[in-house]
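Data block below; observations after.
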Amino acid sequence: MNHPLANLYGRAKQTLSTIGIALWIYLLVQLCVSLVLGLGLGSGVALFPELTFSYFDMMNFFNAIALLVVTPLSGGLATWFVSDSLRLSYRKQWSLRFRKRDIVHGFCVLLLCSFVSGLLINGLSLLLPAPIEQPDFGYSANALSNALLFVSVALVGPVVEEVFFRGTILRATAPYGRLFALGFSSFCFAMMHLNIAQGVPAFFMGFVLGWFYLKSNSLVVPVAIHVLNNTLAFLAMDESLAWIASIVILLAACYGVVYLALHARQIGAELDEAQGDPHFLTLVCTNPWLIAFFIVFVLASLGTLVAL
């Protein structure tokens, strides 16, 4: 008769392999579809040389369209693969029975963590010949491009990413320890960004979003927090609105400090309760799909640093 732990480890190994393959689906679909769209849109421009748009405006417009298409397609296929393989259902994941203030608390804690991670990135930049810069998302003076970019970055992206990283990866690994699931899903979220400048903040972001997802048992909460965060980041790209974003970040981060101070004992108890078997971490470190994806993340991050 098989030992119960052996069965549990077997299921965990299968789950991690499924997630590892899904990460590759997510990445490869993004790359392939982006390439096809880039070639197709570029050919379309060549057919209409009379267009008066500047090269910069056209590239931003194409980038916005590509994000709008690639994000739901890649995330949707990856989510479908995991949900079909592991028989996950999403019917109860959009419950409205949650504390509305969790959205505010999560948003403020997230901005605090973003501020701290920004300090870490700035500290790392001091050790390099040039500062680490955030990727350019293509914000421009073109209203149509910016509108499409906003829909993609602030609305579509958060929904797709929360469904995959929190509603799928975190939920699928939660039976093996909630703290393990939080760390693992956050690390996957960080790796998917393929650069250290976004990867570090993404890890903290994933942990906060995952924590409030587990507290609320509803994807509405992390999606709402994610939408607010990306909307604020989008506003910060506009020079005329950047000062408003800075004030909001400062006030929200201060509230985040107060929230963590008032709930420190409760959070500590919840973290202790969320502890799981450390052997599941070994399964992650020995999974070939995840190892290969981590290598790609490291090489991509090194590539951005070398480019500095």
Between Ala143 and Asp84, what is the spin-label point distance in nm, taking each point 7 Å from the Cα along the Cα→C-beta axis? 4.3
Give me the one-decimal nm value for the distance between modelled label points at Leu39 and Asp277, 7 Å along each residue's Cα-to-Cβ direction. 4.7
Calculated from DSSP H runs of 4 or more alone, at -39500 (n - 2.57) each and per residue, what is the 222 nm mean residue ellipticity of the chain, nearest 500? -25000 deg cm²/dmol
Option label - mean projected area of the Cα convex hull in nm² computed here, alternatives (1) 23.4; (2) 18.3; (3) 14.7: (2)
By how many nm would the segment from Leu77 to Ile291 lengthen if fully extended, with 0.36 nm per residue of separation less the alpha-carbon distance? 74.9 nm
Extend 7 Å from the Cα of Glu239 along its Cα-to-C-beta direction; within region 142-185, residues with backbone N under 15 Å of that point are 142
Helix runs (DSSP H) in the chain reaching 15 Å along axis by Cα, Kyte-Doolittle at least 1.6: 220-236, 242-262, 288-307
Give me the accessible area per residue for the chain, probe 1.4 Å, as a whole number in Å². 52
Ignoring ligands, DNA and RNA, what percent of the accessible area of the chain is carbon or sulfur (1.4 Å)? 72
Sort all Cα-Cα distances of region 150-275 into consecutive 5 angstrom bins from zero, then give the percent of pairs in each bin up to the one containing the longest distance. 2, 11, 17, 22, 21, 16, 8, 3, 1, 0
Sticking to Cα atoms, compute the Rg of region 226-308 to one decimal and its Dmax as the biggest Cα-Cα distance, whole number, in Å. 19.7, 51
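The values are calculated or read from the model by the stated rules, or taken from the named source; none is laboratory data. This structure is a prediction, so every number in the text was calculated from the model and none was measured. When we count neighbours, we look across all protein chains shown, and the Cβ atoms used for this are built from the backbone with ideal geometry, even at glycine. When the accessible area is computed, the model is the full protein with side chains, heavy atoms only, and any ligands, DNA or RNA have been set aside. Shrake-Rupley method; radii C 1.70, N 1.55, O 1.52, S 1.80 Å.
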